[in-house]
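Please read the structure below before turning to the comments.
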Amino acid sequence: MLKRRSRRRRPSRHSKLRSWWLLWRAPTLLVVVSAAWWFLYRPYAHEQGWVPVSDDFALCGEAWSGADGCVVDGDTLVLGNGRDRRRIRLLGFDAPELNGACAAEAERARQARTALHQWLSRGPFEWNGDADPPRDQYGRELREVRRVLPDGSREYVGRVLIERNLASENGWDAVKVDWCR
């Protein structure tokens, strides 16, 4: 009698697929979980959307032909001329008004405008809002402005003006400042 050779059975397509899935299940699951975490949590999301700015600013009302924009008051800027003109309201603080309720407020507003101009003139800074920032009821772009210092810390223009008593905090819990006192 002849001995029959046993042939190895060839794995079916289904078993190949199952073994592939078992082999790649953990790395695939890791990639899916990592991607979900990245898109839901977005680490450093508070750092996204900051745009570097190196424009030159003059004081509005003076000759600013060489500048890219001008400082209107302690919390408002203008960029460009004509149709390309953009008005920008800086966030995080509220400066006194140039046409304020009294002479003391108007003087403090001029000081705030000068301080903002000097801060902007110190060099490049950045503002948030990307290319399409939110706008207020007057159509002004709403942007927060900061400068990254050599040590990596951040200096916000609003904090600087508030510390110099040239602006007040704004927001839900902010106390309204009477600039005429």
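The values are calculated or read from the model by the stated rules, or taken from the named source; none is laboratory data. Keep in mind that this is a model prediction, so the values were computed, not measured. Cβ atoms come from the backbone with ideal geometry, glycine included; neighbour counts cover every protein chain shown.
Of the residues in the stretch 49-108, how many are of a type in the set (Val, Ile, Thr) and either in a loop (DSSP other than H, G, I, E, B) or out of contact with any Cys (no Cβ under 8 Å at 6 or more places or on another chain) (or both)?
Adding up the residues that qualify gives 4.
For residues that are surrounded by 14 or more Cβ atoms within 10 Å (Cβ to Cβ) and farther than 15 Å from Val72 by Cβ, scanning just the stretch 95-108, find the one that is nearest to the chain's Cα centre (by Cα).
Arg108
Here's the yes/no breakdown for (1) of a type in the set (Asp, Glu); (2) within 22 Å of Gly49 (Cα to Cα):
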{"site": "Thr76", "(1), (2)": "no, yes"}
{"site": "Arg83", "(1), (2)": "no, no"}
{"site": "Ala95", "(1), (2)": "no, no"}
{"site": "Asn99", "(1), (2)": "no, no"}
{"site": "Glu105", "(1), (2)": "yes, no"}
{"site": "Thr114", "(1), (2)": "no, no"}
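Looking at the stretch 167-177, can you tell me whether even one residue there is exposed (fewer than 10 other Cβ atoms within 10 Å of the Cβ), charged (D, E, K, R) and not assigned by TED's automatic domain parsing to the domain that holds Asp84?
yes
Which count do you get for residues in the stretch 135-168 that are outside any loop (DSSP other than H, G, I, E, B), small (Gly, Ala, Ser) and closer than 20 Å to Val51 by Cα?
Total satisfying the criteria: 1.
Which condition number in (1) assigned by TED's automatic domain parsing to the domain that holds Phe57; (2) surrounded by 12 or more Cβ atoms within 10 Å (Cβ to Cβ); (3) assigned to a loop (DSSP other than H, G, I, E, B) is the one that Gln111 fails?
Of everything listed in (1) assigned by TED's automatic domain parsing to the domain that holds Phe57; (2) surrounded by 12 or more Cβ atoms within 10 Å (Cβ to Cβ); (3) assigned to a loop (DSSP other than H, G, I, E, B), Gln111 misses just condition (3).
Cβ-Cβ below 9 Å, separation at least six or inter-chain, first residue in the stretch 67-84 and in the same structural domain as Leu116 (by TED's automatic domain parsing) and more than 20 Å from Ala115 (Cβ to Cβ), second crowded, with 19+ Cβ neighbours inside 10 Å and not polar (S, T, N, Q): which pairs?
Gly80/Gly69
Check Gly80, Gly92 and return the single one that is more than 16 Å from Ser168 (Cβ to Cβ) and within 24 Å of the chain's Cα centre (by Cα).
Sole residue among the options that is more than 16 Å from Ser168 (Cβ to Cβ) and within 24 Å of the chain's Cα centre (by Cα): Gly80.
It is to be established whether one or more residues within the stretch 121-131 are under 25 Å from Arg164 (Cβ atoms) and buried (at least 19 other Cβ atoms within 10 Å of the Cβ).
yes
Do you know which residues across the stretch 116-133 are at pLDDT 90 or above and over 18 Å from Asp68 (Cα atoms)?
Asn128 - this is the single residue of the stretch 116-133 that is at pLDDT 90 or above and over 18 Å from Asp68 (Cα atoms).
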